[in-house]
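Heads up, the thing below is written out as structure tokens.
Read-outs: derived from the displayed coordinates by stated rules, not from any lab. Everything quoted here is computed from the prediction, not taken from an experiment. No Cβ is skipped: glycine too gets one built from the backbone with ideal geometry, and neighbour counts run over all protein chains shown.
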């Protein structure tokens, strides 16, 4: 059996997805997660809303709005953080650790 220790370097391993990037936020009033896909000129071109992370990432996959596996993994991770923040009334800031109270 091969054993591998993962190692991610923020500078060497990161690369922009050619299909764009996502901005993630919480709508506490409506109790929804929201993602906005930005492509050209850093403007949101597509918005997807859902109650659960899978409502959003399955829609992203179906519409082929993402092209890199690491980007898909990142989106799932961030959506789960946002979901937990919404569920437990925590502050959500994209790309930052979720601070538990």
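Descriptive notes on the structure:
- Descending by average beta-carbon neighbour count within 10 Å, the peptides 69-76, 52-59 line up as 52-59, 69-76, the highest first.
- Taking 0.36 nm per residue of separation and subtracting the Cα-Cα distance, full extension of the segment from residue 91 to residue 21 would add 23.0 nm.
- Relative contact order for the chain: 23 percent, from Cα pairs under 8 Å spaced at least 6 residues apart, divided by residue count.
- Taking each DSSP H run with n ≥ 4 as -39500 (n - 2.57) and averaging over every residue of the chain yields -9500 deg cm²/dmol at 222 nm.
- Added length on full extension, which subtracts the Cα-Cα distance from 0.36 nm per residue, residue 72 to residue 101: 7.6 nm
- Label selected from (i) 44, 24, 22; (ii) 88, 19, 16; (iii) 46, 37, 25, the criterion being Cα extents along the principal axes in Å as computed here: (iii)
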